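Colleague: Here you go, one structure.
What follows is calculated from the coordinates using simple rules that are stated; it is not laboratory data. Just so it is clear, the structure is predicted and the values come from calculations on it, not from any experiment. Positions of Cβ are backbone-derived with ideal geometry, glycine not excepted, and every protein chain shown enters the neighbour counts.
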Amino acid sequence: MPDDQDNWFLPHPADSFSDAPSPETEFLQTQLAVIEAYLQCFPCEQRDFRALAWIEAHAGAYRQQWQAQAASRQGCRLSVRVC
């Protein structure tokens, strides 16, 4: 984690998710892209605050979406084992 507290909330190139391709990684990359696009309309000094506010406002819906996707993947694994 960088020493600069202004940058704690957003990943850096060294923190790339690309090393482990998985549905969870894809989900996180998509959410990160959405947040980054949202933050572009704000001045740099407001972006961390705005990112946290956005996450707070949308966390419940994204958690439900992730849980539904994870349950769907788990159901697929179980049905493959049965066959």
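Colleague: Calculate, axis by axis, the spread of Cα positions in the stretch 21-82 along the three principal axes, and write the results as whole Å, longest axis first.
Modeller: Extents along the principal axes, in whole Å: 54, 23, 12.
Colleague: If you don't mind, another one. Just add up the charged neighbours of E36: K/R +1, D/E -1, any other residue whose Cβ is under 13 Å from the Cβ of E36.
Modeller: Around E36, the charge tally is +1.
Colleague: Which FRET efficiency, nearest 0.05, do W54 and E24 yield, Cβ-Cβ r, R0 22 Å?
Modeller: So the FRET efficiency works out to roughly 0.60.
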